[in-house]
Structures are given as C-alpha cells and as structure tokens.
Amino acid sequence: KVFEYQALRAKQAGAGFAQDGTAQAEAILARKPDVIVLATGSIMRKPPSLAADSEPGIDARTFALSLVADQNKRAGTAVLFDFDHSAGTYALADLMAARYERLVIITPRTQLGRQVSYVSVLGIYRRLYTAGVEIELAALPKMVRADKVTITNAFTGKERTIDGVTAFVYATPRLVNDGLVAPLRAHGLPVHLVGDCFAPRAMLAAIHEGHRVGNTI
C-alpha cells in the first residue's frame with residue numbers, strides 16, 4: 001500500500017510515468033532532461049563463501065518473482081541462504097516452505113532474524129518450525145553443483161552435503177545498481193541518486209531522499 005500511495009501522490013502532482021521497459025541511458029537522454037534522479041535500486045551480491053567454480057544460484061528477489069508467477073508445487077529440496085536477516089527474507093521462506101517438499105535455511109549467524117524485532121522473531125521461528133523447515137545455524141554455502149549443496153560450519157569448517165536440491169536461493173547484502181550514473185553524467189547532466197542506488201538501506205530512507213531531492217530541484 002505504501003507504493004500505491006506514493007504513485008498516487010506523484011500522479012496528483014503531475015508526474016508522468018513511462019513503464020515500457022528497462023531504463024537505458026539512450027532512452028533517458030532522448031527525453032532531453034534538465035535534471036535526472038536515479039532510483040535504480042540495488043542487487044544482491046553472490047555469496048562470498050561460494051567456491052569460484054560453484055554454480056551461482058539465484059538471488060531472493062528474482063526467485064520471489066518466479067514463485068509469484070508460477071504458483072504450482074515444486075519437487076525436491078530448496079536451500080535458502082539467509083545472510084540478510086530481514087522480514088522480507090522470512091516472507092520468502094514462508095512461501096518456499098509452502099511450495100517445496102523440503103526447505104533448508106542456512107545462515108552464518110547463530111540465530112535468525114537479527115534485523116527484525118524480538119517479538120517478530122518468535123513468530124518467524126514458530127511459522128518455520130511448524131512448516132517443517134530445517135534451520136542450519138553457523139553455516140556457509142561452499143559449493144552448489146547439480147543437485148547438491150555443500151555447506152561448512154562457520155566455526156569449525158566441517159562440511160556436510162544437502163542432496164536432492166532443486167533450488168539454491170540467496171538473500172545477501174546488496175550492491176548499488178548505479179551503472180547509469182557515468183554515461184549520464186558524461187553528457188554534463190546533473191544526476192541525483194536516491195534510495196538503494198545511493199546506499200542500500202530501508203524503504204523509508206528512499207522515500208525521505210526522494211522527497212528531499214524533489215524539494216531541491
């Protein structure tokens with residue numbers, strides 16, 4: 001509802017929207033802008049503990065979209081690497097638990113939910129354990145290959161393998177998606193960055209920055 005409200009307020013203020021594809025520098029320049037504000041977000045980084053020859057897996061955001069698009073049950077075991085610890089990651093975990101025969105969550109920390117309140121963490125644990133989710137604490141992914149995921153203990157380095165894996169998904173710290181900055185500034189245009197494009201943080205920070213830049217320009 002937050003996004004719907006923001007879009008409504010933008011339209012009421014006279015803002016136009018062009019939603020006909022991914023933004024490209026050429027298309028932006030073709031509109032002959034005086035000022036550009038980039039809110040192009042961020043991407044999740046590949047788990048740094050994975051071996052160089054490991055399969056990369058798929059990031060949580062992309063995977064969530066695929067689950068929404070295809071609501072059928074899925075066979076096999078899903079492994080979710082939780083290096084994010086936010087409420088969004090556990091919402092995805094709930095959905096994965098409902099879709100897959102088996103879900104294993106691995107995290108390098110010794111507990112889940114470090115980015116949510118304690119009261120919320122209790123609910124997260126209750127839902128996950130009720131759904132039969134397996135939780136591997138102090139664990140890091142090392143190798144994703146075919147239908148196997150090898151994980152290591154973060155303290156001892158001891159390895160074990162999870163078999164029958166049909167999906168390896170990671171929720172990790174984010175990297176700014178600022179690839180448009182350089183080509184746009186090369187044309188001498190003022191470019192402002194807001195939200196995750198400036199530095200990955202919470203939604204309210206992006207809204208606040210957008211409001212501030214709007215008043216500035």
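The values are calculated or read from the model by the stated rules, or taken from the named source; none is laboratory data. What you see is a predicted model; the values in this text were computed from it and never measured. Here the Cβ positions follow ideal geometry from the backbone for every residue, glycine too, while neighbour counts run over all protein chains shown. Just the protein is used for accessible areas: all its heavy atoms, side chains included, with ligands, DNA and RNA removed. Shrake-Rupley method; radii C 1.70, N 1.55, O 1.52, S 1.80 Å.
Tabulated data for the structure shown
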| quantity | calculated |
| --- | --- |
| Full-extension gain in nm, A98 to I207, via 0.36 nm per residue minus C-alpha separation | 36.0 nm |
| Chymotrypsin sites (Phe, Trp or Tyr not before Pro) within the stretch 1-107: DSSP coil, no more than 16 neighbouring Cβ in 10 Å | F17 |
| Residues whose placed amide H lies under 5 Å from that of L38, excluding near-sequence neighbours | H192, L193, V194 |
| Loop trypsin sites (Lys or Arg not before Pro), the stretch 113-217 (other Cβ atoms within 10 Å of the site Cβ: 12 or fewer; DSSP) | K158 |
| Carbon + sulfur, % of accessible area of the chain - ligands and nucleic acids excluded, 1.4 Å | 56 |
| Whole-number percent relative contact order across the stretch 66-115, with pairs defined as alpha carbons under 8 Å at least 6 apart | 49 |
| Relative contact order (%) - the chain, alpha-carbon pairs under 8 angstrom, separation at least six | 29 |
| Principal axis dimensions, largest first and in whole angstrom, of the stretch 1-130 by Cα | 53, 40, 31 |
| Centroid-to-centroid separation of the stretch 154-209 and the stretch 70-97 [C-alpha atoms, Å] | 19 |
| Shape call, the stretch 131-174: gyration tensor on alpha carbons, a/c limit 1.5 | rounded |
| For the stretch 1-112: relative contact order, % (alpha-carbon pairs under 8 angstrom, 6 or more apart) | 20 |
| Additional length obtainable on full extension of the chain from S120 to D147, 0.36 nm per residue less Cα span | 6.4 nm |
| Scaled radius of gyration (Cα, divided by 2.2 N^0.38 Å) that the stretch 58-162 gives | 1.04 |
| Quarter of the Cα convex hull surface for the chain, i.e. its orientation-mean projected area (nm²) | 14.7 |
| Angstrom value of the Kirkwood radius, inverse mean 1/r, which spans all Cα pairs in the stretch 36-98 | 13.7 |
| Heavy-atom accessible area per residue - the chain, 1.4 Å, Å² | 59 |
| Computed [θ] at 222 nm, deg cm²/dmol, the chain (DSSP H ≥ 4; -39,500 (n - 2.57); rounded to nearest 500) | -10000 deg cm²/dmol |
| Stretch gain in nm, segment L189-I58, where the contour uses 0.36 nm per residue and the Cα spacing is subtracted | 43.6 nm |
| Using θ = phi - 60° and Karplus 6.51 cos²θ - 1.76 cosθ + 1.60, couplings along the stretch 166-173 (whole Hz; Gly, Pro as x) | 10, 8, 10, 10, 10, 10, 10, x |
| Violating pairs (Cα-Cα greater than 26 angstrom) within the set K46/K148; K46/K158; K11/K46 | K11/K46 |
